[in-house]
Amino acid sequence: MPDGLAWKIIKDHLVEGEPEPGVTIALHVDQTLTQDATGTAAYLQFETMGVDRVRTDISVSYVDHNTLQSGPENADDHRYLQSVAARYGIVFSRPGNGICHQVHLERFGVPGKTLLGSDSHTPTCGGLGMLAVGVGGQDVACAMAGMPFYLTAPSVVKVELTGELGPWVTAKDVILELLRRLSVRGGVGKLFEYAGPGVATLSVPERATIANMGAELGATTSVFPSDGVTEAWLRAQGRPGDFRPLAADDGAEYDEVVELDLAAVEPLVARPHSPDDVVPVGAVAGLPVDQVCIGSCTNSSFRDLALTAALLEGKAVHPRVSLAVSPGSRQVLEMTAARSGLAAMVRAGARVLEVACGPCIGMGQAPPSGGVTLRTFNRNFEGRTGTPDARCYLCSPPTAVASALAGCIADPCTLGDPPAAFEPERYEVDDAGLVFPPADGSQVEVIRGPNIKPIPPSEPLADALAGEVLLKLGDNVTTDHIMPAGARTLPLRSNIPALSEFVFERVDPYFARRAREAGGGFVVAGENYGQGSSREHAALAPMHLGLKAVIARSFARIHRANLINFGILPLVFADPADCDRVGGGDVLSIGDVRAGVRQGSLTVSDETAGFDFDVGIELSEREQEIVLAGGRLNLLGG
């Protein structure tokens, strides 16, 4: 039977299970990446596994999130990450070398390979024809130890691209159009495979932008073919030997097909506070803007910044607007500077920031109180900017520039004729920011600062659970709600007891204290609980506070896996209406828990409201063993 591209890569790496949607499968992992906000916990767990050296083709540790060094914590983490990389055979990408997804695309991505990353935007490398999946740090640690990656095989959605993008329309508008159509839940349990004649009109950086924000659809990942465009880009990066042509077989069948005419796409904007609240730019044009930020792993390629510089040349940013630009990599920074692009930005009034994630993860550049910030980023969740009452809009670089110049949200067509897209025949390659490990790292000392604490232990699952509903929440609760990012909390990612004080802080400032006083308990929520970042700290820190289970209408894929990995039960209402009957503060009890986990269903008693309701817990045999043991580390003996 003819196969689609995704299934070809899956079958090439399949080590366990049947390649069918909905079936648990295990894949061999070729490459891994971590970033510093999630990497410390991943490597602390890896160290407990007794492996002397990583067992992947290549693993890379990036420093790109925690670069704001207001105290010693982040610098201590960086020193730990560099030493543990040397000890175990991991490439270390130094602070200032770039955002993990941009650098990995440039220097390490290989068509047809599998990539596991402890960051939800790891699918960026799907733009290069990789099967790249974002997961929690523990799953990455296990892959580095040579274990396969387990997942529920997704259904595959073919996105048939036709036509060609019109003037002032970008790849960012393409993925915003898909979010407008499908919503942040539209990709849950699905893999998006791009095909059709329109693919050939998109450069690798443009494909990467689309694959990157597929994470906001809730998709497992996204993948593009590896074709002549891919070959030319790898050659320009000095890596022609990494090219491999890859495409779906003729006649391949798909679970769904989405048709998208690129010529029909228009400039779009996502309104606060969700990436799928998408409207044409014209619907919000004229709204005064306080801040504009260009960058992030979504839109910080050389192509994006060269366009930004060309549009700013000879112009001036509106006096009301603070414009910040973050290059995505050292390569992007050097090439933009060499072509006078940085000078053009600075003369126009832009603030050129460090080569890092920066404002996207709440590390600086918080907008003013009640301010409007327009960003080329991938997420606009409430409070993520660092300003609780800010309104964050998402858009393309041309829309961002037009708005920065106008002082209000503006259609990029107001800029006149667009400059020609620039894709260099040769990229400047400078790997000075990469530290490659020694052939034998057995004598390397791993350096741990005082803020780096062991991963807290957990207990095997009890046969009876009881406690109060510590928090009652609605739909689309994000990991930013559960475990906030930003300059206050990110430096504590290596210290779970300290970090746990901030769990649900933006929702309930007293949650941590109440959870401790109650001896733990439950959280109840609606659809798509845990969407957003892959940060396993959103499960690890609540586990430390005694969270026993989350009862929701549905879960986001990565967060559900993280809950299981740390022994927290992800329970699903058998009757979604029961969610409305359970109140915050209600006392719940669950009996015969261990048998219920085996059977896939449990009965919960609401002692306060006086009724019982059923919940499901669909776990593979492997996942059952993990939760019964109280988490995967317990099962592995870590």
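State, to one decimal in nm, how far the label point of D508 lies from the label point of D12, with both points 7 Å from Cα in the Cβ direction.
4.9 nm
Taking every Cα atom in segment 268-415, find the radius of gyration and the maximum pairwise distance Dmax, and write them in Å.
Looking at segment 268-415, its Cα Rg and Dmax stand at 13.7, 39 Å.
In a shell of Cβ-Cβ distance under 12 Å around E216, excluding E216 itself, what net charge do Lys and Arg (+1) and Asp and Glu (-1) give? Mind showing how you got there, number by number?
Working: positive: K172, R180, R185, R379; negative: D276, D277.
Summing Lys/Arg as +1 and Asp/Glu as -1 gives +2.
Express the Stokes-Einstein translational diffusion coefficient of segment 5-264 in µm² s⁻¹, to the nearest whole number, given a Kirkwood radius over alpha-carbon pairs, 4 °C and a viscosity of 1.567 mPa s. Write down the numbers at each step before the final one.
Working: Rh = 18.6 Å.
For these conditions, the coefficient is 69 µm²/s.
What ranking, highest mean first, results for peptides 397-409, 310-322, 111-123 when packing means the other Cβ atoms within 10 Å averaged over each residue?
Numbers: 397-409: 25.8, 310-322: 16.5, 111-123: 27.4.
Final packing ranking: 111-123, 397-409, 310-322.
How much FRET efficiency would the formula 1/(1 + (r/R0)^6) give for A337 and T414, where r is the Cβ-Cβ distance and R0 is 25 Å, rounded to 0.05?
On the way: r = 28 Å, r/R0 = 1.12.
Between A337 and T414 the formula returns 0.35.
Which whole-number percent is the relative contact order of the chain (Cα, under 8 Å, 6+ apart)?
On the way: 1666 pairs, mean separation 91.8, N = 638.
Relative CO of the chain lands at 14 percent.
Taking every Cα atom in segment 502-605, find the radius of gyration and the maximum pairwise distance Dmax, and write them in Å.
13.2, 37
Diagonalise the Cα gyration tensor of segment 392-435 and give the resulting equivalent ellipsoid semi-axes, square root of 5 times each eigenvalue, largest first, whole Å.
Values: eigenvalues 190, 55, 11 Å².
Computed over segment 392-435, the values are 31, 17, 7 Å.
Beta carbons within 10 angstrom, averaged per residue: use that to sort the peptides 156-166, 216-226, highest first.
On the way: 156-166: 19.4, 216-226: 26.7.
By packing density, highest mean first, the sequence is 216-226, 156-166.
Sorted by packing (mean other beta-carbon atoms within 10 Å per residue), highest first, where do 91-100, 68-77 land? Each step should come with its number before you reach the end.
Working: 91-100: 24.4, 68-77: 17.5.
My ranking of the peptides, most packed first, is 91-100, 68-77.
Taking the simple approach of a point 7 Å from Cα along Cα-to-Cβ for both D430 and S369, what is their distance in nm?
4.3 nm
How much net charge surrounds D606 when only other residues with a Cβ under 10 Å from its Cβ are counted (Lys, Arg +1; Asp, Glu -1)?
So the surrounding residues net to -3.
Around L415, under 13 Å between beta carbons, what's the net of Lys plus Arg minus Asp minus Glu among the other residues?
Values: positive: K315; negative: E313, D411, D417.
So the environment of L415 carries a net charge of -2.
Based on C-alpha coordinates, I'd like the Rg and Dmax of the chain, in Å.
Values for the chain (Cα only, Rg and Dmax): 23.4, 71 Å.
How large is the dipole of the chain about the Cα centre if only Lys and Arg carry +1 and Asp and Glu carry -1, each at its Cβ, rounded to the nearest 20 debye?
Numbers: 51 positive and 77 negative charges, 361 e Å.
Dipole of the chain, to the nearest 20 debye: 1740 debye.
Tally the DSSP beta bridges in the chain and give the antiparallel ones as a percent, rounded to 5. Please report the intermediate quantities before stating the final value.
Numbers: 31 of 88 bridges.
Roughly 35 percent of the DSSP beta bridges within the chain come out antiparallel.
When the helix-only estimate is applied to the chain (DSSP H runs of n ≥ 4, each -39,500 (n - 2.57), divided by the residue count), what is the mean residue ellipticity at 222 nm, nearest 500 deg cm²/dmol?
-8000 deg cm²/dmol
Averaging sequence separations of C-alpha pairs under 8 Å and six or more residues apart, then dividing by the length of segment 465-631, give the relative contact order as a whole percent.
24 percent
Over 22 Å between C-alpha atoms is what I'm after, so list which of K113/K172; K190/K472; K8/K172; K190/K548; K11/K190; K113/K190 land there.
Values: K113/K172 25 Å; K190/K472 28 Å; K8/K172 27 Å; K190/K548 28 Å; K11/K190 17 Å; K113/K190 19 Å.
Pairs exceeding the cut-off: K113/K172; K190/K472; K8/K172; K190/K548.
So what's the angle, to the nearest 10 degrees on a 0 to 90 scale, between helix 397-406 and the longest Cα principal axis of the chain?
Rounded to the nearest ten degrees, it is 70.
Relative contact order for segment 227-367: what percent, with Cα pairs under 8 Å and sequence separation of 6 or more? Numbers along the way, then the final one.
Details: 158 pairs, mean separation 26.5, N = 141.
Relative contact order of segment 227-367: 19 percent.
Values quoted throughout were computed directly from the atomic coordinates according to the rules given, and no laboratory measurement underlies them. Here the structure is a predicted model, which is why all the values come from computation and not from measurement. Neighbour counts run over all protein chains shown; Cβ positions are idealised from the backbone, glycine included.
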